[in-house]
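Student: This is the structure I have questions about; it appears just below.
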């Protein structure tokens, strides 16, 4: 089921709080789980989707060095983000520093989760990868 889509620009407040856009905030959500994403972003999941992700990680072969790396790095990076009464989450200075996320962020919906990117990093990513979007072997898909 697709829950998240679209692109949203936000500015973090001085405490590192992020106001979740209404299109990404589902009624009844009391907390999110954030973990290391790919290409330098943070991946944010609602509880049920986070549990499904953890099940997928748990099904991987821990004896395989590549799988072990993914399991270890993903699991170690998990943080719980309670949602306050204003629909904000506190990312915190340590998390923002560790993932090089500045004051201006871009959120993108990615089906079962959304990602938080430093806005400059996402613009670079979009510029580099957007040129090949829809192409396979330099031919349109």
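Student: Among the numbered criteria (1) surrounded by 12 or more Cβ atoms within 10 Å (Cβ to Cβ); (2) under 16 Å from the mean Cα position of the chain (by Cα); (3) without any contact (Cβ under 8 Å) to a residue 40 or more places away in the chain, which one does residue 57 miss?
Tutor: (2)
Student: Further question on the same structure: Assigned to a helix (DSSP H, G or I), in contact with a strand residue (DSSP E or B) (Cβ under 7 Å, 6 or more places away or on another chain) and closer than 30 Å to residue 14 by Cα: does that describe residue 49?
Tutor: yes
Student: Please indicate, with yes or no, whether at least one residue in segment 90-110 is in contact with a strand residue (DSSP E or B) (Cβ under 7 Å, 6 or more places away or on another chain), in a helix (DSSP H, G or I), at pLDDT below 95 and surrounded by fewer than 18 Cβ atoms within 10 Å (Cβ to Cβ). Give the derivation first.
Tutor: Residues of segment 90-110 that are in contact with a strand residue (DSSP E or B) (Cβ under 7 Å, 6 or more places away or on another chain), as a first pass: 90-91, 95, 99-110.
Filter again for in a helix (DSSP H, G or I), leaving 95.
Now drop any that are not at pLDDT below 95, which leaves 95.
Still in the list and also surrounded by fewer than 18 Cβ atoms within 10 Å (Cβ to Cβ): 95.
Yes, the conditions are met somewhere in segment 90-110.
Student: If residue 40 satisfies all but one of (1) in a loop (DSSP other than H, G, I, E, B); (2) on the phi < 0 side of the Ramachandran plot; (3) surrounded by 12 or more Cβ atoms within 10 Å (Cβ to Cβ), what's the number of the condition it fails?
Tutor: With (1) in a loop (DSSP other than H, G, I, E, B); (2) on the phi < 0 side of the Ramachandran plot; (3) surrounded by 12 or more Cβ atoms within 10 Å (Cβ to Cβ) applied to residue 40, the lone miss is (2).
Student: Confirm whether residue 12 is closer than 26 Å to residue 121 by Cβ, in contact (Cβ under 8 Å) with a residue 40 or more places away in the chain and under 14 Å from the mean Cα position of the chain (by Cα).
Tutor: Spelling it out, it is not the case that residue 12 is closer than 26 Å to residue 121 by Cβ, in contact (Cβ under 8 Å) with a residue 40 or more places away in the chain and under 14 Å from the mean Cα position of the chain (by Cα).
The values are calculated or read from the model by the stated rules, or taken from the named source; none is laboratory data. Nothing here was measured: the structure is a model prediction, and the numbers come from that model. We place every Cβ from the backbone using ideal geometry, glycine too, and count neighbours over all the protein chains shown.
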